[in-house]
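Input: a single structure, listed below in structure tokens.
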Amino acid sequence: MRCSLRIIVLGAFAMLATFQAAAQEARSDAEIERIVRDYLMREPEIIYEAIQQLQARQQAAEAERRRETLSSLGDEIFNDPNDPVAGNAEGSVTLVEFFDYQCSYCRRMAPAMQALLEEDEDLRLVFKELPVLGPDSMVAARAGLAASRIAPEHYMDFHFALMNAGDLSEPTILETAEKLGIDPERLKTEMDGSEVAEAIQTNLQIAGQLGINGTPSFIVGDTIVPGAMPIAQLSQLISQERDRVRPADG
């Protein structure tokens, strides 16, 4: 904010200096500074309005940058074969969720996400592991991706089991896998493989390029939603995207 205010004030100095120079003989820097200061003291709301305009422009520029990045990374975001996919594989709308198994907000949203999948038979959901909350997050992310590779039929049960787990240590995760019919030895081998590590690194890089630094974060069409949100609002975004890609008269 200080930098923004400095830019605004310096810009005001420049504009008023130009005006004064054009209107009359050039004045000293001290005189111009006094004129600007007196003007801003009389009209302080000018600074507030200028800051608002600057922030709006910055937000618009960032939104445009994100849209361009989404467009350039389309396949990596929506169609990476390393990402687990749930719901309708041929669904008209794809929802992407960046999540961390330790994230309390992700955990709170998990039952609603499960219900959303059950209610919307035309939704394709892509899970992107984003382990940003420490070592246990990384262990769970590796386990989730490994399970999706060796036992895709059990992935959803495993995913939601980890979302509800009080302990995300490796021994407990392997025990959970075995209870769900996933070979723990195979899971451990896959967890330690280079392909799983590379998939996680790719997700971290994509998140960085999109300005996503927390979980959960969602992508619907060209819209990025940072943070948890009411499931009704998320459903509305999905419906809007469905209307966009599949018009009613189509």
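Quick check, is Met138 under 20 Å from Pro226 (Cβ atoms), part of a helix (DSSP H, G or I) and among the aliphatic types (A, V, I, L, M)?
No: the conditions fail for Met138.
Which members of region 190-225 meet the condition of being without any contact (Cβ under 8 Å) to a residue 40 or more places away in the chain and either farther than 30 Å from Leu70 by Cα or assigned to a strand (DSSP E or B) (or both)?
Thr223, Val225
Pro111 - would you say it is under 20 Å from Ala197 (Cα atoms), open to solvent by 30 Å² or more (accessible area, probe 1.4 Å) and assigned to a helix (DSSP H, G or I)?
no
For region 126-144, name all the residues that are hydrophobic (A, V, I, L, M, F, W, C) and either open to solvent by 10 Å² or more (accessible area, probe 1.4 Å) or more than 18 Å from Thr202 (Cα to Cα) (or both).
Passing the criteria: Val132, Leu133, Met138, Val139.
Could you grab the pairs with beta carbons closer than 7 Å, sequence gap of 6+ or different chains, first residue in region 166-181 and in contact (Cβ under 8 Å) with a residue 12 or more places away in the chain, second one of a type in the set (D, E, K, R) and open to solvent by 90 Å² or more (accessible area, probe 1.4 Å)?
Leu180/Asp157
Criterion first (open to solvent by 20 Å² or more (accessible area, probe 1.4 Å), closer than 15 Å to Ile200 by Cβ and either part of a loop (DSSP other than H, G, I, E, B) or modelled with pLDDT under 95 (or both)) does Glu68 satisfy it?
no
Sort out which residues of region 229-247 are open to solvent by less than 50 Å² (accessible area, probe 1.4 Å) and not in a helix (DSSP H, G or I), and write them in order of number.
Met229
Can you pull out every residue in region 114-128 that is part of a helix (DSSP H, G or I), in contact (Cβ under 8 Å) with a residue 12 or more places away in the chain and farther than 10 Å from Ile231 by Cβ?
Those that are part of a helix (DSSP H, G or I), in contact (Cβ under 8 Å) with a residue 12 or more places away in the chain and farther than 10 Å from Ile231 by Cβ: Gln114, Leu117.
The values are calculated or read from the model by the stated rules, or taken from the named source; none is laboratory data. Quick caveat, the model's predicted, so the values are computed rather than measured. A quick note on method: Cβ atoms are made from the backbone with ideal geometry, for glycine too, and the neighbour counts reach across all protein chains shown. Keep in mind that these areas ignore ligands, DNA and RNA; they rest on the heavy atoms of the full protein, side chains included. Shrake-Rupley method; radii C 1.70, N 1.55, O 1.52, S 1.80 Å.
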